[in-house]
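Comments concern the structure below.
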Amino acid sequence: MARVVTPAQKSINTAAAWVVALIIFFPILWTFLTSFKPEEVAVASPPVFVGFDWTMQNYHDVIAQRGYGSYFWNSVVISVGSTVLGMIIAIPAAWAMAFVHGKRTKDLLMWMLSTKMMPAAGVLVPIYLMGKSLGLIDTRFMLMIVLMLMNLPIIVWMLYTYFREIPGDILEAARMDGANLMSEILYVLTPMAIPGIASTLLLNVILAWNESFWTLNLTTFQAAPLTKFIAGFSSPQGLFYGKLSAASVMAIVPIMVIGWFSQKQLVRGLTFGAVK
Amino acid sequence: MTHPTTAVPVAAPKNGRETSLEQQRLRAAFWFLAPMLLMLFCVAAWPLMRSIWFSFTDTSLTDLHGGKWVGFDNYLSYRQLSSGRVIWRGTLVDPAWWNAVWNTVKFAVVSVSLETMFGLVVALVLNARFAGRGLVRAAILIPWAIPTIVSAKMWGWMLNDQFGIINDILLNLGLISEKIAWAANLDTAMAAVILVDVWKTTPFMALLCLAGLQMVPGDIYEAARIDGIHPVKVFFRVTLPLIRPALMVAVIFRMLDALRMFDLVYVLTPNSAATKTMSIISRENLIEFDKFAYGSAQSSLLFAIIAIFVALYIWLGKVDLGGEKSK
């Protein structure tokens, strides 16, 4: 924007922006601080901000006593696995939609959108039955498949909007030079679409990591990821807010790292490409 | 990626290569789409059809294959007593269901409006030039990116009546005279749920509006400034119409999520009649209360409500999904 900004105006802008950011960020900050507090400090009234004995005890307790590691590992396996599976199906599908023009492309997109209207509760039992007859209940594989399918419309759509921006002429030229379909997709399209594919990957990992309806309803213990762990977090004896905060911080750090690299793409992906 | 030169086996005959290539591509397109369509059919269309089928039977969770066709009884049925009185039964006359419908609509409308409004304001603030812009943007996106379960738990604790920091802050500011159990109290539970949702989603809306704002060329503002037009008027006459397409799409996706809302209520205000949504109540009937067919009817209704809503919205708002027209 080519507006002239005076220094005074700039510092007002800066102050306003930081105040807004601080308000929004405060709950995260508070959780972060609490995770380092001894339990009795965590519930102190009036609240203590920084003047306490910082301790790693909560992290230690969560990891050592509550089997945090296995939940964390389940989360990693499920979100990465569902993403990889999803991409294997989504890339060819998006290629077909973007480069082979058919009358039905638009209908297909609308149909994919309509799956977003489906209440998860409504299809829970049929899907549970399917999983049960295949002996897959409470397995990571089942969750990988289900989450992959739930996110499939969004990632196909997102890839489609990226692919559409790649000039078809380049692919055409590759074909003229004698490239077959396999090499057209693998060596011409994919390298050009790497940024789009990468952000789709990241978005899908985040969505799978955060998903809660299916992870809560389709797992008991074996395949339970972090969302299940945190949703069921309570303590029969005594205070647990410090430990809850520690568990939360550990669950959101990976997402914060991924989110940092992909903030722009996230917005784009979640609006099905309407915002570039 | 390896060298492109290593994989160029061309077996097609010279004559008619064009058409055979085209055919090959069409065939490939079909086989590429097939797995996706099959998958979507398996997890979306088929379960949904089964669910709708169940809603017309008296199936129970313990005997899923023994259900008999009962027509619309789960939705609405009536029986005339010998005294001449008529008794209506079914979801459509169930006050708990209508309570859930009302809760969901209230939640969706209020939270999405607030998110859109605050999102615009935050975007306007962040659109200005200031120090540390990248960091601030990343910081405000975090609430959106973290699992809802985590934010529900965090807020549940911050809103707690004994230990919660929100009560402490409000007491110190003199806004309340005694500590309130925000999530447990029937009068404030919905407000608490909306608060958390607004906190979580405003950043997303803001970034989206921001992306829209950055597509507005700076000269427009410059021209308006030189012509001496009031900034508020510029906002409503220039900025808003320009970012409207992006906003419309954002609102519809938020609405879809809000109407199906489950996890936030499930963790923050479980079992509170003031916040039970359609998703929550149908899941309860499906799984916990052993009224499987009844719950199926409710989830079918939920689907129908959302579908009608989306169709109306796309039609009335002329929403440009997928950026079709802008291409």
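The loop-placed trypsin sites (Lys or Arg not before Pro) in region B:73-179, going by DSSP, that have at most 15 neighbouring Cβ atoms within 10 Å of their Cβ come out as B:85, B:129. Distance from the alpha carbon centroid of region B:186-248 to that of region A:91-167 works out to 31 angstrom.
The alpha carbon gyration tensor of region A:192-261 gives principal lengths a ≥ b ≥ c with a/c of 1.5 or higher and a/b no greater than b/c, which makes the shape oblate. Among the chymotrypsin sites (Phe, Trp or Tyr not before Pro) found in region A:169-249, those both in a DSSP coil and sparsely packed, with 12 or fewer other Cβ atoms within 10 Å of their Cβ, are A:221.
For chain A, the longest principal axis of the Cα atoms and the long axis of helix A:7-34 meet at an angle of about 70 degrees.
In terms of distances greater than 20 angstrom between alpha carbons, the cross-link table entries A:37/B:200; B:200/B:233; A:116/B:68; B:106/B:200 yield A:37/B:200; B:200/B:233; A:116/B:68. For the pair region B:257-321 / region B:56-123, the C-alpha centres are spaced 9 Å from each other. Per-residue ellipticity at 222 nm computed for chain A from its helices equals -22500 deg cm²/dmol, with DSSP H segments shorter than 4 residues left out and the rest contributing -39,500 (n - 2.57).
Scanning chain B for GluC sites (Glu not before Pro) lying in DSSP loops with no more than 15 further Cβ atoms inside 10 Å, the longest uninterrupted stretch between such sites is B:1-177. Within chain B, helices built from complete DSSP H runs that reach 24 Å or longer along their own axis (Cα positions) and carry a mean Kyte-Doolittle hydropathy of 0.5 or higher are B:95-127, B:186-214, B:240-259, B:292-317.
For chain A, what does the alpha-carbon gyration tensor say about shape, rounded, prolate or oblate, given a ≥ b ≥ c as the root eigenvalues, a/c under 1.5 as rounded, and a/b over b/c as prolate? Since a/c reaches 1.5 but b/c is at least a/b, the shape of chain A is classed as oblate. Could you tell me which of rounded, prolate or oblate describes region B:94-317, using a ≥ b ≥ c as the square roots of the eigenvalues of the alpha-carbon gyration tensor, with rounded for a/c under 1.5 and, failing that, prolate when a/b is larger than b/c and oblate otherwise? Oblate is the answer for region B:94-317, as a/c is 1.5 or above yet b/c matches or exceeds a/b. Output the 0 to 90 degree angle, nearest 10, between the alpha-carbon long axis of helix A:105-114 and the longest principal axis computed from the alpha carbons of chain A. With rounding to tens, the tilt is 20 degrees.
A Förster radius of 30 Å combined with the Cβ-Cβ distance from residue A:49 to residue A:253 puts the calculated FRET efficiency at roughly 0.90.
With the simple spin-label model, which puts each label point 7 Å out from Cα in the Cβ direction, the residue B:315 to residue B:38 separation comes to 3.6 nm. Angle of helix A:120-133 to the longest C-alpha principal axis of chain A, folded into 0 to 90 degrees and rounded to 10: 80°.
No value in this document is a laboratory result; all are computed from the given coordinates. Here the structure is a predicted model, which is why all the values come from computation and not from measurement. With ideal geometry, Cβ positions are generated from the backbone for all residues, glycine too; neighbour counts draw on all protein chains shown.
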